[in-house]
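Below is one structure; the comments refer to it alone.
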Amino acid sequence: MSDVVSALDLLDLAIGRAEGVVTDEDVKAARDVAERVRERRGFLGDTLVVALAGGTGSGKSSLLNAIAGRQIAETGVLRPTTEEALAWVPTDPEPGLVELLERLGIDARYEQDALPKLAIIDLPDHDSIVLQHHQIVERLLPEVDAVVWVFDPQKYRDPLIHEQYISQLLEYQDQFLFVLNQIDLLGQHDLSQLRSDLIRSLEEDGVSAPRVFDLAAAPPAGRPLNIEPFRDFLRDQLDAKAVAAGKLLGDIRRAGKRLRTEAGLDEGAGIGFEDRWPSVRASVAQAFTEGTGFDDAVCRVGDFVTALSVETGGRFGAGLRNDFSYGRIEDELRGALDESGLKPTLRVERSRFGAAMRTFWFGEKSQAPEDPEAVPAFAKALEERIGRGLFEALWERGVLGATLAQVEIEARLAENR
Ligand SMILES: Nc1nc2c(ncn2[C@@H]2O[C@H](COP(=O)(O)OP(=O)(O)OP(=O)(O)O)[C@@H](O)[C@H]2O)c(=O)[nH]1
Ligand SMILES: [Mg+2]
């Protein structure tokens, strides 16, 4: 199962691994994208998660049953009827949704096949367990796609809902939907008056352009009224959500692609360090044992680092070149010679600089290697001083490449779900 969240988690991982491989500016750009996606309100998976809230007896559970087309939640005249929140979720819910319900402590779950990708949470009434309800609503709001505030004709002005909830939670108003339930109890005239009255009080709460649906979820006789437009609306929201999720996934993929390009991973995928380095290392030892000279040995390593730097490119390539400068390579080679006891054999120097270096470091006379262990010891020292560092840097870059590949795969899977 893939969704925006798992693609985003992988992008975060890649961003952490990109530090030092790409420029700080590129890291920041990717981080900004990840933050923007995370800050987006609502459930990040591809299920539309809707919570029903409102006064006791307004008909929240009845509305759920009407949308479901069957009895899911208990409804009744005894208040409160719903004592614990329950969730109506698609069969085989996506993992993110299960985690969300767990975080919210909603244990009662009913699976449904009727409306795939729609989940409805029926909350207990607010006035008998105010504190708990308040906590649930506040914890829930940032994580669900929509909250439906259900009103009935008697209590649609309930000050608790208007003053303690709606007007306190205006930052979430884009997620709010309002239902005026039990319209079967009203005549046409009363309905339009009451509807305008409800809209006015919501506007007084601070909601701009409230979306109000009037319906009857469970009239005592006959079928529910106006449920279809509400269901259609939820379906449209689901489509809109799919479009929005597609955009988020596009942003994630683009951020990953940019990191990949900046890390030079598009070109230098096949560095093949492990195949190439042993022969460079052997040729360096050879340069000493066969008398081609110190500067030649420095060049062999230096040329290899240059090749790696060019192949990997970008900030990483430049960093590699910097970390393994010619100065450092010289130092490390000297150190490896000292450590291993390898004595370079007499050689014909090919440059004045090389001759000077040789005289400077090894004196006028060069000795043949005396110790048969010296060559392997030198190879080992060279491995520790140069090979390991190069390998680690390239390995980190490789891991970044693999993580970015996962970002791309995960986002594509999520797009195609
Ligand atoms: N006339 C009429 N009665 C309704 C309608 N919808 C619900 N009711 C009745 O209103 C009462 C309360 O409905 P519920 O769905 O249990 O209300 P609730 O909001 O879930 O209540 P709590 O769980 O206590 O918060 C029940 O007796 C329902 O039959 C409707 O559209 N018309
Ligand atoms: Mg209920």
**Message:** Report every pair of residues separated by at least 6 positions or lying on different chains whose Cβ atoms are under 8 Å apart, first residue within the stretch 161-186 and open to solvent by 20 Å² or more (accessible area, probe 1.4 Å), second of a type in the set (Lys, Arg).
**Reply:** 172/41; 174/41
**Asked** Are there any pairs with C-beta distances below 8 angstrom linking a residue in the stretch 50-73 that is within 17 Å of residue 140 (Cβ to Cβ) and open to solvent by 20 Å² or more (accessible area, probe 1.4 Å) to a residue that is aliphatic (A, V, I, L, M) and within 6 Å of ligand 1 (Cβ to nearest atom), with the two at least 6 apart or on different chains, and if so which?
**Response** none
**Complete:** Selection from the stretch 262-287 of residues closer than 29 Å to residue 4 by Cβ and free of Cβ contacts under 8 Å to residues at least 40 places away in the same chain yields 266
**Cβ-Cβ under 6 Å pairs, at least 6 apart or on other chains, the stretch 79-93 side at pLDDT 80 or above, far side near ligand 2 (Cβ under 9 Å from one of its atoms) and aromatic (Phe, Trp, Tyr)** = none
**Message:** Looking only at the stretch 271-307, count every residue that is in contact with a helix residue (DSSP H, G or I) (Cβ under 8 Å, 6 or more places away or on another chain) and not in a helix (DSSP H, G or I) and tell me the total.
**Reply:** 3
**Request:** Kindly provide the set of residues from the stretch 273-298 that are open to solvent by 60 Å² or more (accessible area, probe 1.4 Å) and more than 16 Å from residue 379 (Cβ to Cβ), ordered by number.
**Result:** 275
**Residues located in the stretch 180-226, provided they are near ligand 1 (Cβ under 10 Å from one of its atoms) and of a type in the set (Val, Ile, Thr)** = 183
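The values are calculated or read from the model by the stated rules, or taken from the named source; none is laboratory data. Since we're looking at a predicted model, the values are computed, not measured. Every residue, glycine as well, gets a Cβ built from its backbone with ideal geometry; the counts of neighbours run over all protein chains shown. Heads up: the accessible areas ignore ligands, DNA and RNA and are worked out on the full protein's heavy atoms, side chains in. Shrake-Rupley method; radii C 1.70, N 1.55, O 1.52, S 1.80 Å.
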